[in-house]
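Q: Got a structure for you, questions after.
The values are calculated or read from the model by the stated rules, or taken from the named source; none is laboratory data. In this text the structure is predicted, and so the values were computed from the model without any measurement. Note: ideal-geometry Cβ built from the backbone for every residue, glycine included; neighbour counts use all protein chains shown.
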Amino acid sequence: DGGITQSPKYLFRKEGQNVTLSCEQNLNHDAMYWYRQDPGQGLRLIYYSQIVNDFQKGDIAEGYSVSREKKESFPLTVTSAQKNPTAFYLCASKAELLRELFFGEGSRLTVL
Amino acid sequence: GIQVEQSPPDLILQEGANSTLRCNFSDSVNNLQWFHQNPWGQLINLFYIPSGTKQNGRLSATTVATERYSLLYISSSQTTDSGVYFCAPTQGGSEKLVFGKGTKLTVNP
């Protein structure tokens with residue numbers, strides 16, 4: 001089945017460690033996005049990429065990094081510089097000619 | 001950037017009731033989507049509706065772009081409708097959806 005796969009679903013990390021969240025899509029979508037959601041809040045954009053080897057900062061990019069080496073993959077690294085990394089992270093993708101955004105199931109990161 | 005306000009923040013219904021969720025936005029938009037986030041966190045597309053009215057089963061949505069609001073109607077609600085409903089517009093040539101804080105809906109049996 002076509003879709004967006006995020007892994008891991010749950011991740012625990014000690015302070016000071018970098019972690020990488022995986023996002024893979026087999027929908028042949030051009031654009032991919034990372035959002036962060038805190039409890040009781042809406043989603044905020046971290047990074048997005050419209051084509052391979054290119055990406056742009058969203059509203060809360062500090063302390064995060066991404067890469068887009070393949071169309072299917074858009075991993076997110078939460079670095080030790082991110083002050084409040086505990087959150088629910090959602091990856092999304094969109095086809096160029098369509099307007100709808102589709103989401104993966106999310107990754108829940110807890111920093112101990 | 002564009003500001004998005006959703007109301008009410010919380011809504012509790014008995015199964016079978018109807019409801020209207022509202023989304024106000026501060027600027028003109030060229031895209032607007034409604035999403036349902038289920039209790040496990042998954043976000044599901046409901047509607048892409050920058051203007052006009054659409055219906056899908058018990059759900060329908062209307063966007064009046066000139067007056068900067070969108071409405072989501074849920075009729076004959078079911079317990080599976082519970083979750084958080086988000087409105088997310090974009091403006092101009094931006095690719096970035098801006099999310100409201102959502103309306104948390106609880107449908108009791």
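Q: Would you please name the residue that is modelled with the lowest pLDDT, looking only at residues in segment A:90-112 that are more than 10 Å from every other protein chain (Cβ to nearest Cβ) and assigned to a strand (DSSP E or B)?
A: Among them, the one singled out is A:V111.
Q: Does segment B:7-55 hold any residues that are assigned to a strand (DSSP E or B), out of contact with any Lys or Arg (no Cβ under 6 Å at 6 or more places or on another chain), more than 18 Å from B:L105 (Cα to Cα) and within 13 Å of chain A (Cβ to nearest Cβ), and which are they?
A: B:L32, B:K54
Q: Further, regarding this structure: Which one of these is within 19 Å of A:P39 (Cα to Cα), among the small types (G, A, S) and in contact with a strand residue (DSSP E or B) (Cβ under 6 Å, 6 or more places away or on another chain): B:S19, B:S7?
A: Selected residue: B:S7, the only one of B:S19, B:S7 that is within 19 Å of A:P39 (Cα to Cα), among the small types (G, A, S) and in contact with a strand residue (DSSP E or B) (Cβ under 6 Å, 6 or more places away or on another chain).
Q: Which number in (1) surrounded by fewer than 18 Cβ atoms within 10 Å (Cβ to Cβ); (2) under 18 Å from A:L45 (Cβ atoms); (3) of a type in the set (A, V, I, L, M) marks the one condition that B:V98 misses?
A: (1)
Q: Out of the residues in segment A:9-52 meeting the condition of being within 9 Å of another protein chain (Cβ to nearest Cβ) and small (G, A, S), tell me which one is farthest from B:G100 (Cα to Cα).
A: Only one residue tops the list, namely A:A31.
Q: If I go through segment B:74-104 residue by residue, how many of them are outside any loop (DSSP other than H, G, I, E, B), more than 14 Å from every other protein chain (Cβ to nearest Cβ) and touching a Leu at 6+ places or on another chain (Cβ under 7 Å)?
A: 2
Q: Need the failing condition index for A:Y64 against (1) within 14 Å of another protein chain (Cβ to nearest Cβ); (2) under 18 Å from A:Q6 (Cα atoms), just the number.
A: Condition (1) is where A:Y64 drops out.
Q: Inspect all residues belonging to segment B:18-39 and state whether any of them is at pLDDT 95 or above and among the small types (G, A, S).
A: yes
Q: Any residue in segment B:15-38 that is among the aromatic types (F, W, Y) and free of Cβ contacts under 8 Å to residues at least 24 places away in the same chain?
A: no
Q: Out of all the residues in segment A:20-29, which are at pLDDT 95 or above and in contact with a Leu (Cβ under 9 Å, 6 or more places away or on another chain)?
A: Scanning segment A:20-29 gives A:T20, A:L21, A:S22, A:C23.
Q: Right, something else. Does B:E95 fit the bill of being charged (D, E, K, R), free of Cβ contacts under 8 Å to residues at least 12 places away in the same chain and within 21 Å of A:S93 (Cα to Cα)?
A: Yes, satisfied.
Q: Considering only segment A:76-85, I want to know if a residue exists there that is within 12 Å of another protein chain (Cβ to nearest Cβ) and either surrounded by fewer than 19 Cβ atoms within 10 Å (Cβ to Cβ) or farther than 24 Å from B:F35 by Cα (or both).
A: No, segment A:76-85 has no match at all.
Q: Let me ask something additional. For segment A:1-75, please list each of the strands (runs of 3 or more DSSP E) lying entirely inside it that holds at least 1 residues being surrounded by fewer than 15 Cβ atoms within 10 Å (Cβ to Cβ) and hydrophobic (A, V, I, L, M, F, W, C).
A: Fully inside segment A:1-75 and qualifying: A:10-13, A:43-51.
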